[in-house]
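The next block holds one structure in the form of structure tokens; read it before the comments.
Readers should treat all values here as calculations from the given coordinates under stated rules, not as data from a laboratory. This structure is a prediction, so every number in the text was calculated from the model and none was measured. For neighbour counting, all protein chains shown are included, and Cβ atoms are generated from backbone atoms with ideal geometry for every residue, glycine included.
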Amino acid sequence: MKRILGIIIAVLVAGLVIFQGRCQEESKVPQWIWYPEKDMDPIVEAPAEPRYFVKIINLESPVKSAVLEIAVDNIYQLFVNGKAIGEGDNWQIATKYDITKNLKKGKNVIAIQATNVDGPAGWIMKGKITTADGKTIVFFSNSSWRTSTRATKGWQEGEPDKSWVKALEMGEFGVQPWGTNVQCEMLAE
């Protein structure tokens with residue numbers, strides 16, 4: 001009886017380890033995200049209005065290199081520490097940015113103003129930072145981003161206030177309606 005109980009416990013523990021590994025792996029991929037619209041599903045339709053997104057990244061060492069790749073349905077402006085880095089309006093072509101010179105040791109703010117024109121709304125991003133001490137930090141679009149329907153003062157360079165909410169995850173690269181129709185290097189890795 002003890003042997004059977006031991007086998008059952010071993011199988012359960014092994015299953016839990018495998019399950020946790022899968023959950024961790026799944027949570028480490030870019031997600032299409034948007035503001036959690038009231039009474040609307042952004043993967044189907046969202047208001048033709050801008051939404052604001054902020055992510056804080058704390059770096060313990062100076063930056064050796066940093067790149068990010070982003071695709072937004074429909075229009076976006078990208079900011080790093082308050083500085084405008086780029087903009088785009090074609091979700092089918094992800095744009096890659098070198099943001100090495102824009103990051104610093106300590107607190108960094110990645111901010112996006114994304115505007116829907118019609119239909120579905122969402123954006124997806126993956127970034128990779130290598131620090132001077134050799135550490136690699138990968139960041140991506142997911143529910144850790146804070147979002148708002150209005151731009152608060154200094155939103156591109158500071159902590160979002162309490163009115164900002166968690167971004168809504170709608171699915172990883174390949175989810176419909178966007179599918180794999182985004183030309184990219186990093187997002188599909």
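Results, tabulated for the structure shown:
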quantity	calculated
Under 10 Å, Cβ to Cβ, from TRP34 - net charge with Lys/Arg +1 and Asp/Glu -1	-3
Percent RCO, i.e. relative contact order, over the range 37-189, from Cα pairs under 8 Å lying at least 6 residues apart	31 percent
For ASP133, net neighbour charge (Lys/Arg +1, Asp/Glu -1) across residues whose Cβ lies under 13 Å away	+2
The range 135-189 and the range 37-51: distance between their alpha carbon centers, rounded to Å	15 Å
Value of [θ]222 nm, deg cm²/dmol, for the chain, DSSP H segments ≥ 4, -39500 (n - 2.57) each, nearest 500	-4500 deg cm²/dmol
Restraint check, LYS105/LYS166; LYS38/LYS166; LYS38/LYS162; LYS101/LYS128; LYS128/LYS153, Cα-Cα greater than 20 Å	LYS105/LYS166; LYS128/LYS153
Principal axis box of the chain, alpha-carbon based, largest edge first, Å	66, 44, 36
